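Structure record follows, encoded as structure tokens.
Bear in mind these aren't lab numbers, they're just calculated from the coordinates by the rules spelled out. All values derive from a computational prediction rather than experimental measurement. Because the Cβ atoms are built from the backbone with ideal geometry, glycine has one as well, and the counts that use them run over all protein chains shown.
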Amino acid sequence: MSTQAPAPDQMSLSTSALLPTPAAAPDQTSAPAFAFAQVAMSASSHVPAHAAASPGGRVFPALTGARPAWRRRFANRFAAIVAAAGCLAALIPLGFLLAAVVSRGAARFDLAFITQTMRGVIGAGGGALHAIVGTVFITAATICFSVPLGLAAAIYLVEYGRGKLARTVTFLVDVMTGIPSIVAGLFAYALLSLLLGPGVRSGLAGALALSLLMTPVVIRASEEMLRLVPDDLREAACALGVGKHRVITQVILPTALSGLVSAVMLGVARIVGETAPLLLVAGFTDSMNLNLADGRMATLPVYIYSQWQNKGLDAAAYDNRAWTAALLLIGFVLILNLLARLAGRLFAPGAKRHARAS
Amino acid sequence: MKHASIVKIKLIFSFATVFAVAAGCSAVEDNPDEGVSSGASAGTLSGVLAGGGASSQTAAQEAWRAGFQAANLDVTVDYDPTGSGTGRTNFADGGYAFAGTDAPFTAAEAAGSFATCASGSGLVEIPAYISPIAVAFNLDGVDSLRLDAVVIADIFAGRLTSWNDPAIAALNPGANLPDTAITPVHRSDKSGTTENFTDYLVQTAPTAWTFAAAEAWPAELKGEAAEKTQGVRQTIAATAGAIGYLDASQASGLGTAELKVGDGYVAYSPEAAAAAVGKSSLEAGRAAFDVVVDIDRTLSDGDVYPLVLVSYLVACERYADPAAGSLAKAYLEYVISAEGQQAAAEHAGSAPITADPALAPKAAAAVAAIA
């Protein structure tokens, strides 16, 4: 399976027509692009196929004749430098940001910050335990809403969706990806105000608003992951007489599982730092609230915002708390990403084969 | 076959994790200790009191919440600093059990009905937070300036464009004024601070300031717009030659102006702000428990700082939800107590209303009327 490239029929036909025997093409790898290049080259230059596949490829006058070697080397070096400079330019702001957050957040990065709430705190002191708990709760609730919905939609699009309906769903998902977060918050606020009366605030409402943002990301990302599952697997399973639902649950989902975990993490990373919708519908409180369904629930982004925006006379204490909360939020995303990588490695289809072999 | 069963176990495991999280979500929903409905029982209060409104009160509310919650461990008070207008709307619609607002309901509005209150109930409005507004600037080497209302109006209307303008120099003999351009900074959002600032200009410089007193800054005027008090503070701190108005508690580190009152100049202080409110009269035509101050900014006494903000707390005489009523009454009692006002003075730099012999008993009577 892994040794043969899943190239389109025509291409493999012409390859086999030009190549006398499979053994004459020693470099035939799994990359379809490479196979295509071989075909195109051998078709245009009319040289023997085994020569076309040799490394270096000096037999091609079209490649070597027009450009001298020094120029090729120069272009190569130049492109490498540009790429490296681009990478560096992208990393510099990230480095500055991390340095600023770490240096300013260090002042209050202590045990009290992660074990205390802001209840009863005036000025300095206090912590963000209630905001950490709120972020974890609301993120978990958002995952409860978004992952089943997003996964089901992605499975529909990849395995079942044909024609107008699938195109419409894809189009709407793309539109939803671009929804500004404040609009999602206003939608959730308007909906819950109509249902439960004005001024309603709850963590569940926040999760509802965030699901609007997370679901399209999950759909798009897991759709790509499901498409990566080779058709041969589906065909093989069907050839064995397995029903479609079992093909999906026992062949396709397990194969794509590590990618699906990444898709979910992408979605979580999209929503975990959202402030505007949570400010509108989840509100802010000084106290711990463990009830998602009722009452205001603090979250880390809103905590940062309110500490910066609503300072007392001792302004430095508020700034320090905001920076430390920002540091915690970045750490939270980092930990989630590490967990996702770990999960991806554990669930990867190759992992158990290696584990069993060893 | 063995392969498939391992996959199945892992799938079951991952779905089980999701459901465990979901179950966790629903389990905490059953917690009966939260919510206004659980209300008061003999002597001890419990529940959640939700209010919101004027952002000027935020620091004071923090002090009040801390003090009140320390005395009532089972009560949680929340205050959303969403702005006065939103606070009043949410109170009228039943979203808040109490509201903070820089601009009280008009007499006509106060006579209407409120979803938070029981039908036929009157409105309780008390001045809870009195704070001076500072005119702050960023000018190299200058910490204090003397300004009068006409010059301030000319600066904010864009007629004075340079700090060494003769009109400013005439008020500050001996001051070393640079020729830096003046950048007026105003609030981009609707604000009680803006309303009190423009009201000061309307009352004291009616010819120089031709705009009305309003929560929104006149759109035709130029200058930097900044969001909320912190935005104004940051813009002033970052711009050489900037001048703006903001709650005095946030003006530390910036240069501030002494205002011309009568023949002298007065720097902002809680005492001078309290004096301005104490020497003003209550607004006429209000119900007994609707205590609204009509600030007279044209006083000429030397101990009065006329650029002052009075922020109100709004509650009902009788609540649609009696549990919310008892919580609101207890909270407002604490707010206007000597202890509560002192906490706000220390933390937010406000002037205690308890020092005002005319106002304090009226406010106390209004809170006592909450059933």
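Below 8 Å, C-alpha to C-alpha, sequence gap of six or more: please give me the relative contact order for the stretch B:225-361 in percent. Intermediate results must be reported in sequence, preceding the final value.
Details: 141 pairs, mean separation 28.0, N = 137.
Relative CO of the stretch B:225-361 lands at 20 percent.
Connecting C-alpha atoms closer than 10 Å in a GNM of chain B, tell me which of B:Gly120, B:Gly223, B:Gly192 has the biggest fluctuation.
Comparing B:Gly120, B:Gly223, B:Gly192 in the GNM, the peak value goes to B:Gly120.
Excluding B:Ala238 itself, calculate the net charge of residues whose Cβ lies under 15 Å from the Cβ of B:Ala238, where each Lys or Arg counts +1 and each Asp or Glu counts -1.
Numbers: positive: B:Arg233; negative: B:Asp140, B:Glu224, B:Glu227.
Net charge around B:Ala238: -2.
Restricting to Cα pairs below 8 Å that are 6+ residues apart, what does the relative contact order work out to for the stretch B:133-270? Please round to a whole percent.
Computed value for the stretch B:133-270: 40 percent relative contact order.
Under a cut-off of 16 Å between alpha-carbon atoms, report the aspartates and glutamates in cross-link reach of A:Lys244, not counting same-chain residues fewer than 8 places apart.
Partners found: A:Glu159, A:Asp231, A:Asp232, A:Glu235.
According to a simple spin-label model (label point 7 Å from Cα along Cα-to-Cβ), what is the distance in nm between B:Glu227 and B:Ala213?
Here the modelled spin labels are 2.9 nm apart.
Could you tell me which of rounded, prolate or oblate describes the stretch A:183-238, using a ≥ b ≥ c as the square roots of the eigenvalues of the alpha-carbon gyration tensor, with rounded for a/c under 1.5 and, failing that, prolate when a/b is larger than b/c and oblate otherwise?
Prolate is the answer for the stretch A:183-238, as a/c is 1.5 or above and a/b outweighs b/c.
Extending each Cα 7 Å along its Cβ direction at B:Ala287 and A:Val169, get the distance between those two points in nm, one decimal.
That separation, rounded to one decimal, is 5.7 nm.
Cross-link list B:Lys228/B:Lys260; B:Lys222/B:Lys279; A:Lys311/B:Lys190: which exceed 29 angstrom alpha carbon to alpha carbon?
Pairs exceeding the cut-off: B:Lys222/B:Lys279.
Using Cα springs under 10 Å in a Gaussian network model of chain B, which residue among B:Ala320, B:Ala71, B:Ala226 shows the largest mean-square fluctuation?
Result: B:Ala71 has the largest fluctuation of those listed.
Which FRET efficiency value, to the nearest 0.05, is calculated for B:Ser119 and A:Leu94 with the Förster distance at 56 angstrom and r the Cβ-Cβ distance?
Once the sixth-power term is evaluated, E becomes 0.45.
Once you put a point 7 Å from the Cα of B:Gln203 and another 7 Å from the Cα of A:Leu313, both along the Cβ direction, what distance in nm separates them?
Going by the 7 Å Cα→Cβ label model, 2.5 nm.
By the gyration tensor of its Cα atoms, with a ≥ b ≥ c the square roots of the eigenvalues, what is the shape of the stretch A:220-275: rounded for a/c under 1.5, prolate for a/b over b/c, or oblate?
Note, shape of the stretch A:220-275 comes out prolate.
Sorted from fewest to most neighbouring beta carbons within 10 Å, what does the list B:Ser350, A:Ser103 look like?
Final ranking by Cβ density, sparse to dense: A:Ser103, B:Ser350.
For the stretch B:133-270, what class follows from the C-alpha gyration tensor (a ≥ b ≥ c being the square roots of its eigenvalues): rounded when a/c is under 1.5, otherwise prolate if a/b is larger than b/c, else oblate?
Because its axes are fairly even, with a/c under 1.5, the stretch B:133-270 counts as rounded.
Which of the helices in chain B meet the span-like rule: DSSP H, Cα axial reach of 30 Å or more, Kyte-Doolittle mean at least 0.5?
On the way: long enough: B:2-29 (41 Å, 1.21).
Span-like helices here: B:2-29.
What is the sum of charges, Lys and Arg at +1 and Asp and Glu at -1, for the other residues whose Cβ falls under 11 Å from the Cβ of B:Gly52?
Net of charged neighbours comes to +1.
What net charge is computed for the residues neighbouring B:Arg146, neighbours being all others with C-beta under 11 Å from the C-beta of B:Arg146, Lys and Arg scored +1, Asp and Glu -1?
Computed value for this residue: -1.
Only bridges whose two residues both fall in the stretch B:133-270 count here: according to DSSP, what percent of them are antiparallel, nearest 5?
In the stretch B:133-270, DSSP labels about 55 percent of beta bridges as antiparallel.
Could you grab the relative contact order for chain B? Cα pairs under 8 Å, six or more apart, rounded to a whole percent.
It rounds to 24 percent for chain B.
Under 18 Å from the Cα of A:Lys164, which aspartates and glutamates turn up, not counting those fewer than eight places away in the same chain?
Hits, sequence-local ones excluded: A:Asp174, A:Glu223.
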